[in-house]
Amino acid sequence: MKLSVIGCGYLGAVHAAAMASIGHEVVGIDVDERKIASLSAGEAPFFEPGLQQILADGLASGRLRFTTDMAHAAGSAVHFVGVGTPQQKDGYAADLTYVNAAVDALVPYLSAGDVVAGKSTVPVGTAATLTGRVEATGATLVWNPEFLREGFAVQDTIDPDRLVAGVPTGADGERAADILRAVYHPSVTKGTPFIVTDLATAELVKVAANAFLATKISFINAMAEIAEVTGADVTTLADAIGHDARIGRRFLGAGIGFGGGCLPKDIRAFSARAEELGRGESVAFLREVDAINLRRRDRAVDLTVQAFGGSVFKKNVTVLGAAFKPHSDDIRDSPALDVAVRLHGLGAWVTITDPEAIDNARRIHPQLNYVDDRDEALRGADAVIVVTEWDEYRRHLTPEHAATLTNGRVIIDGRNCLDATAWRNAGWDYYGMGRP
Ligand code: UDX
């Protein structure tokens, strides 16, 4: 099938390449010339495992191409809109400028019978505001939210755990749902749940899922705060409650909390939208979820300061990690980078390393000292803080090896990803998050 994908960021670039990999003929369209040049040359503009390969394969097959010219959308049966919906600069609500601009630019190239499938995460009710513009061309607007996780985006797009299609009522909606089934035929054939619903529900599914995940993380981080004043261990607590199948252990990782391009802005946009709808109280807890999350960054900074007896001024602190999570070079709202910047602000000499995110981090925070090599970064450190749980730090760095490089023996485990006993037995002062 001929498809267009409008917006070639983390979501769109992966979606375009993944759709080509399952046999579709795809054109990816973006206004950013640099991004399009890079994608056309087979270079992924960001780090995402597996993307480089499907990009190269798609381009070589002739089924995948990229352009800045919206006119190339003409003739596609389905037009996916996957542009960004960042937090507004002066508020909590989502900024819909890019969604509106993408739809306006696309409309002249739509034909009767086309399907426009929104993939961006939007406030509930957005699709309703766009429907008129799309339907005027004889095309049908549907919402088909994306649940991909960065770091697993290729796998999540090719083999999602569910597909959701929000469609208008009536024959056009049913036909559009059938077209989406055909787009995702390998997953549908495999039995992946395919949920057909109305537009509002589809929009809400996405924000509800992210709100739930954020709440789960903040719940365990709230337990970490209680553990800190009682001497309890939040890691054991998470293991114990996680055995209850109704609760589950995933997303109960206490630490410096969530960041990235989705969870923080999505819970804020949800609160803002609920208030607009006169139901602010229904999701008032999300303000608390946000507050708990941000407090954990303070806690990691405090732990580091305490480890030095009250001041980090002129202390060498090595920060392991800059990305908001492993397997990603994304530093948007990264708790890791935030902690590093705050320590720098308190007068510490901060050296920071990350397997993938250094270039992005340096662009935003040039004041920090960036070192590519982990061992080089550790050399001479008075204290080490792990803030992104890359395998390089979590599994492949032993306390014995680290001790041959550092000056001090202080380790702060901002992700509760290290073996506390092993580090203590090797002579280190170990500080975890919500662990004795
Ligand atoms: C999230 C959703 O998981 C995904 O379904 C949606 O499409 C986009 O938003 P992503 O932003 O890629 O995906 O990251 P995710 O894996 O959810 O992690 C978000 C943040 O939570 C990271 O900073 C991570 O370190 C943190 N986290 C995750 C925890 O602090 N504890 C955990 O137990 C899990």
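Every read-out reported here was derived from the displayed coordinates using simple, explicitly stated rules and does not represent laboratory data. Remember, it's a predicted structure, so these values are computed and weren't measured experimentally. When we count neighbours, we look across all protein chains shown, and the Cβ atoms used for this are built from the backbone with ideal geometry, even at glycine.
So the values come out like this:
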read-out: Of all residues making up the stretch 233-259, the number that are surrounded by fewer than 22 Cβ atoms within 10 Å (Cβ to Cβ) and within 8 Å of the ligand (Cβ to nearest atom); value: 4
read-out: The stretch 146-182, residues that are in contact with a strand residue (DSSP E or B) (Cβ under 6 Å, 6 or more places away or on another chain), of a type in the set (A, V, I, L, M) and more than 16 Å from the ligand (Cβ to nearest atom); value: A165, V167, A176, A177, I179, L180
read-out: Test for R273: is it part of a helix (DSSP H, G or I), surrounded by fewer than 16 Cβ atoms within 10 Å (Cβ to Cβ) and more than 16 Å from the ligand (Cβ to nearest atom); value: no
read-out: Candidates P160, P186, P168 - the one that is under 27 Å from A17 (Cα atoms), in contact with a helix residue (DSSP H, G or I) (Cβ under 8 Å, 6 or more places away or on another chain) and in a loop (DSSP other than H, G, I, E, B); value: P160
read-out: Selected residue (criterion: nearest to R332 (Cα to Cα)) from residues of the stretch 80-104 that are in a helix (DSSP H, G or I) and in contact with a strand residue (DSSP E or B) (Cβ under 8 Å, 6 or more places away or on another chain); value: V99
read-out: Within the stretch 1-56, tally of residues that are of a type in the set (V, I, T), farther than 25 Å from W390 by Cβ and not in a strand (DSSP E or B); value: 3
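Yes/no per residue for (1) in contact (Cβ under 8 Å) with a residue 60 or more places away in the chain; (2) within 18 Å of S311 (Cα to Cα); (3) within 12 Å of the ligand (Cβ to nearest atom); (4) surrounded by 24 or more Cβ atoms within 10 Å (Cβ to Cβ):
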position: F324; (1), (2), (3), (4): yes, no, yes, yes
position: H327; (1), (2), (3), (4): yes, no, yes, no
position: R332; (1), (2), (3), (4): yes, no, yes, no
position: P335; (1), (2), (3), (4): yes, no, yes, yes
position: G345; (1), (2), (3), (4): no, yes, no, no
position: A348; (1), (2), (3), (4): no, yes, no, yes
